[in-house]
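Working notes for the structure below.
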Amino acid sequence: MDLTALWESIELTLYNVLHRPGLSDLADILLVAVIIYELLMLTRDTRGSAVLKGLLLLLVVVGISNLFGLTALNWLLMAVINNGPLVLVILFQPEIRKALEQIGRGARLEKTNREDTDESGRIIDEIIKCATNLSRRHVGALIVFEQKTGLKDIIDNGIAIDAQISSGLLENIFEPNTPLHDGAVVIRGPRVMSAACILSLTEASGISHDLGTRHRAALGVSETTDAVVLIVSEETGIISVARGGKLNRHLDAKSLRTVLEGIYTRQRNQGLFTAVKSLLAPGSRKEATKK
């Protein structure tokens, strides 16, 4: 069945629900809702969740264009949708495989515990202490803070840590000539999830020649996700933060605290409505690249 036939089936289902709902219709709606919920749970810790949201939004636009008789727009969108699944399967083969494995095992993704205000303050202090110590000693570091876009695929390619955040732990990880010092550390909420993670480098042009592999890797992950990335330069000791494909350099302890407070004081317990609202709202793009 192609997507055109699928869309016609969805329209027929909506018509039946609105004009002659019955017990079977209610059961049908409930089953579809459960499937969609489980699909969201399976993909929420991967970058595939953003693609799923984009696909759902595209289907909504198709429905609106069909409702208002926008023939040309509807034809264009349906052409994209009909060829979209093949592209998605190729691009997100790892995420699809993992989702199917989780369905087979009946596994559920573990919910991350939300830290309280005191714990947030402790974490911020520990990260600032780590960054300033590494900067003073000119020890390179790359720390990725997961936000709404899940980084499970990146976490899985590193060495599992799953430990409480502390300055001593992070400094030890990035200590030169130790097994984990190469690659990035991924932090999810109050936990260090993984170390020695491999990040894709940015493909953007016009990057300063002063920026090394760490900075290019940080920009790369910040371009494809909403992650915030902390970088300490091994050559200069400069502390930088990458977010939204932009790089802020020459941060001191005060400015770094502002960035971290923005991460750890943000409300994390969001319902579906709040999450969609946040997704559609224009993000902050105030970070400017400093030479």
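Any residue at all in the stretch 192-209 that's touching an Asp or Glu at 6+ places or on another chain (Cβ under 8 Å), crowded, with 22+ Cβ neighbours inside 10 Å and over 20 Å from Arg257 (Cα atoms)?
yes
Which residues, taken from the stretch 170-186, are under 14 Å from Ala131 (Cβ atoms) and either part of a helix (DSSP H, G or I) or in contact (Cβ under 8 Å) with a residue 60 or more places away in the chain (or both)?
Those that are under 14 Å from Ala131 (Cβ atoms) and either part of a helix (DSSP H, G or I) or in contact (Cβ under 8 Å) with a residue 60 or more places away in the chain (or both): Leu170, Glu171, Ile173, Phe174.
Given the condition at pLDDT 90 or above, assigned by TED's automatic domain parsing to the domain that holds Thr202, in a loop (DSSP other than H, G, I, E, B) and within 25 Å of His138 (Cβ to Cβ), answer yes or no: does some residue in the stretch 254-269 qualify?
Within the stretch 254-269 (the criterion being at pLDDT 90 or above, assigned by TED's automatic domain parsing to the domain that holds Thr202, in a loop (DSSP other than H, G, I, E, B) and within 25 Å of His138 (Cβ to Cβ)), the answer is no, since none of the residues qualifies.
For the stretch 211-221, how many residues meet the condition of being free of Cβ contacts under 8 Å to residues at least 60 places away in the same chain and over 18 Å from Val139 (Cβ atoms)?
Of the residues in the stretch 211-221, 3 are free of Cβ contacts under 8 Å to residues at least 60 places away in the same chain and over 18 Å from Val139 (Cβ atoms).
Within the stretch 189-225, how many residues are part of a loop (DSSP other than H, G, I, E, B) and over 19 Å from the mean Cα position of the chain (by Cα)?
Initial filter on the stretch 189-225 (part of a loop (DSSP other than H, G, I, E, B)): 189-190, 198-212, 225.
Pick out the ones that are also over 19 Å from the mean Cα position of the chain (by Cα) and you get 204-212.
Residues meeting the conditions: 9.
From the residues in the stretch 93-139 that are outside any helix (DSSP H, G or I) and at pLDDT 65 or above, which one is surrounded by the most Cβ atoms within 10 Å (Cβ to Cβ)? It would help to see each step written out before you state the result.
First, the residues of the stretch 93-139 that are outside any helix (DSSP H, G or I): 106-116, 138-139.
From the residues that got through so far, the ones that are at pLDDT 65 or above too are 138-139.
Details: His138: 14, Val139: 18.
Looking at the filtered set, the residue picked out is Val139.
Looking only at the stretch 222-235, which residues are touching a helix residue (DSSP H, G or I) at 6+ places or on another chain (Cβ under 9 Å) and without any contact (Cβ under 8 Å) to a residue 60 or more places away in the chain?
none
In the set Asp153, Asp182, which member is among the charged types (D, E, K, R), farther than 22 Å from Gly244 by Cα and modelled with pLDDT under 95? Spell out the reasoning first.
Values: Asp153 fails: farther than 22 Å from Gly244 by Cα.
Answer to the check: Asp182.
Consider Leu142 against the criteria (1) surrounded by 14 or more Cβ atoms within 10 Å (Cβ to Cβ); (2) assigned to a loop (DSSP other than H, G, I, E, B): it satisfies all of them except one. Which criterion is unmet?
(2)
Do the conditions hold for Val62, that is, is it among the aliphatic types (A, V, I, L, M), surrounded by fewer than 13 Cβ atoms within 10 Å (Cβ to Cβ), at pLDDT 75 or above and out of contact with any Cys (no Cβ under 8 Å at 6 or more places or on another chain)?
On the way: among the aliphatic types (A, V, I, L, M): yes; surrounded by fewer than 13 Cβ atoms within 10 Å (Cβ to Cβ): no; at pLDDT 75 or above: yes; out of contact with any Cys (no Cβ under 8 Å at 6 or more places or on another chain): yes.
The answer is no for Val62.
The values are calculated or read from the model by the stated rules, or taken from the named source; none is laboratory data. Every value quoted in this text rests on a predicted model; they were computed, and no experiment measured them. With ideal geometry, Cβ positions are generated from the backbone for all residues, glycine too; neighbour counts draw on all protein chains shown.
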